[in-house]
Amino acid sequence: MLKAITGTKDILPIDIPNWNNLEGIVHNAMNSFNYNEIRTPIFEETRLFSRGIGESTDIVGKEMYTFLDRSETSVTLKPEMTASVVRALLEHSLDKQFQLNKLFYISPMFRQERPQAGRFRQFHQFGAEALGSTSPALDAEMILLAYNILKSLGLTNFVVKINSLGIPSSRENYKNLLKEYLADKLNDLSEESKKRYETNILRLFDSKDKNDIKIMEHAPLLMEHLDEESLEHFQEVKQMLLSAGVPFEVDPKLVRGLDYYTHTTFELVSGSVGSQSALCGGGRYDLLVKQLGERDVPGVGFAAGIERILLAMENEKVLPEVNPKIDYYIVRLEKELNKNVFEIATKLRIENSVEFDYTQRSVKAQMREANRLGAEKVLMIGGEEYERGMAVLKIMADGSQEEIELAELK
Ligand code: HAM
């Protein structure tokens, strides 16, 4: 039997109300913070992501769906949106039209990771990017926006973790300190961390290896070596979050898996979904636009994993109850009336949701189906009433019935 590819998932009709509910809440929140939607292609030139996300990241190093198309161009299914949004901003000179661009998206993403609960190869993110200002108010706004959305969805078991990665110059000094600290411990590190020591040393804080964790426990922290400007920026973000009533934890070991961050980084982490617990991640990226397009446009943003959020909602038992509902179900008393039922349904469907039986079921079975579909009204067509242009209308809520004229139905 043919099956969906490992790590991909069908979203079945039974799941759709949950997706629609979530997307509706995302649209409302984005609207109240004045973010406008952007949609970009599913695939881009590979070099956009390798340059944007960083050659030494796991995403670029081993997770991208990259292939040569028929004209030998290397293309990649988008593993994230930030690079694509920046590409679109530059290509359409949005930064020249508006000083500040506040954009949001809901889109599938692709990463060839090892599938497990909450981790897929095709997954969906919603997210936002604000391009054109270094104001810490936007860092705080992003965190608040993500926080509000998770709260509106009914989630309570999650924490907001924030950190600052400062600016590259203070980070470079700090990386040297970290290198010094680790120099005589190299042999004790895991193979993966030995590699990262050379390519992306900050990621050693992300290691799941017990020994690595022990070693990193006493490592110097970037937070203790930030420059004045970065500390001030971070201080302002924290104050605004406090004033907005967003509870947060400063986690000086929070390093993110993408290379483009400067200043604030953050994650919203769930206590309800097992090891893949990051529901949302983001941060400031003041140098990315310049890196991709020679124009100086600071940015900040976040993205959240929809599948993970839905899993958290399921585990916290806050998925909304879904009751099917249609306006009319038409019950046909005699088989000969199929054509007439079709005509009545067609007319009613201009203003209402309407269903009827296509399979010659008994009257009893049709009534059962009307109940299953949550029909508000059942219209019974048949017999001598029909000859007189009449039908029986049953209101399901109270079981009352009355004879009505077919011509007057709306
Ligand atoms: P990210 O941390 O790579 O950040 O992904 C954001 C969220 O997407 C994660 O917290 C997680 O919920 C979800 N996610 C990531 N990978 C998977 C997967 N394989 N399966 C299911 N869910 C997944 C970014 O993508 C950045 N673009 C965020 C950003 C926007 N930073 C600034 N602006």
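The values are calculated or read from the model by the stated rules, or taken from the named source; none is laboratory data. Just so it is clear, the structure is predicted and the values come from calculations on it, not from any experiment. Every residue, glycine as well, gets a Cβ built from its backbone with ideal geometry; the counts of neighbours run over all protein chains shown. Side chains included, ligands, DNA and RNA excluded: accessible areas come from the protein's heavy atoms. Shrake-Rupley method; radii C 1.70, N 1.55, O 1.52, S 1.80 Å.
Look at the stretch 76-102: where a residue is within 19 Å of TYR260 (Cα to Cα) and assigned to a loop (DSSP other than H, G, I, E, B) and a partner is within 15 Å of the ligand (Cβ to nearest atom) and of a type in the set (Asp, Glu), sitting 6+ places away or on another chain with Cβ atoms under 8 Å, you get LYS78/GLU44; PRO79/GLU63; MET81/GLU129.
Among the residues making up the stretch 356-410, a single one is hydroxyl-bearing (Ser, Thr, Tyr) and within 39 Å of the chain's Cα centre (by Cα): TYR358. Could we say that LEU226 is in contact with a strand residue (DSSP E or B) (Cβ under 8 Å, 6 or more places away or on another chain), under 26 Å from GLU55 (Cβ atoms) and open to solvent by 30 Å² or more (accessible area, probe 1.4 Å) here? Against the criterion (in contact with a strand residue (DSSP E or B) (Cβ under 8 Å, 6 or more places away or on another chain), under 26 Å from GLU55 (Cβ atoms) and open to solvent by 30 Å² or more (accessible area, probe 1.4 Å)), LEU226 does not qualify.
Yes/no per residue for (1) of a type outside the set (A, V, I, L, M, F, W, C); (2) outside the structural domain of ASN157 (by TED's automatic domain parsing); (3) in a helix (DSSP H, G or I):
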residue	(1), (2), (3)
LEU337	no, yes, yes
PHE342	no, yes, yes
THR346	yes, yes, yes
ILE350	no, yes, no
TYR358	yes, yes, no
MET367	no, yes, yes
MET380	no, yes, no
TYR386	yes, yes, yes
LYS394	yes, yes, no
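I'd like the full set of residues that are hydrophobic (A, V, I, L, M, F, W, C) and either within 19 Å of ALA407 (Cα to Cα) or buried (at least 17 other Cβ atoms within 10 Å of the Cβ) (or both), limited to the stretch 334-369. Passing the criteria: LEU337, VAL341, PHE342, ILE344, ALA345, LEU348, ILE350, VAL354, PHE356, MET367. On the stretch given as the stretch 49-86, residues that are more than 13 Å from the ligand (Cβ to nearest atom) and closer than 17 Å to GLY299 by Cα total 1. Just to be sure, is VAL269 within 11 Å of the ligand (Cβ to nearest atom), at pLDDT 95 or above and surrounded by fewer than 21 Cβ atoms within 10 Å (Cβ to Cβ)? Yes. Taking each residue of the stretch 357-382 that is within 20 Å of PRO324 (Cα to Cα) and of a type in the set (Asp, Glu) and looking for partners that are open to solvent by 70 Å² or more (accessible area, probe 1.4 Å) and assigned to a strand (DSSP E or B) with beta-carbon atoms closer than 7 Å, six or more apart or interchain, yields nothing. Here is the figure for the stretch 179-192: residues that are exposed (fewer than 13 other Cβ atoms within 10 Å of the Cβ) and assigned to a helix (DSSP H, G or I) total 5.
Within the stretch 285-324, the set of residues being of a type in the set (D, E, K, R) and more than 17 Å from ASN101 (Cβ to Cβ) comprises GLU294, GLU307, ARG308, GLU314, GLU316, LYS317, GLU321.
From ASN323, ASN315, which residue is more than 8 Å from the ligand (Cβ to nearest atom) and either at pLDDT below 95 or within 17 Å of PHE234 (Cβ to Cβ) (or both)?
Working: ASN315 fails: either at pLDDT below 95 or within 17 Å of PHE234 (Cβ to Cβ) (or both).
Answer to the selection: ASN323.
Annotation for the stretch 278-298: at least one member residue is open to solvent by 20 Å² or more (accessible area, probe 1.4 Å) and near the ligand (Cβ under 9 Å from one of its atoms). Annotation note: Cβ proximity below 7 Å between a residue of the stretch 1-14 that is under 13 Å from PRO108 (Cα atoms) and open to solvent by 100 Å² or more (accessible area, probe 1.4 Å) and a residue that is within 16 Å of the ligand (Cβ to nearest atom) and assigned to a loop (DSSP other than H, G, I, E, B) (sequence gap 6+ or interchain) occurs for LYS9/PHE120; ASP10/ALA4. Can you tell me which residue is most open to solvent (accessible area, probe 1.4 Å) among those in the stretch 17-64 that are under 18 Å from ALA128 (Cβ atoms) and outside any helix (DSSP H, G or I)? It comes out as ARG39.
TYR328 - would you say it is under 39 Å from the mean Cα position of the chain (by Cα) and hydroxyl-bearing (Ser, Thr, Tyr)? Answer is yes for this residue.
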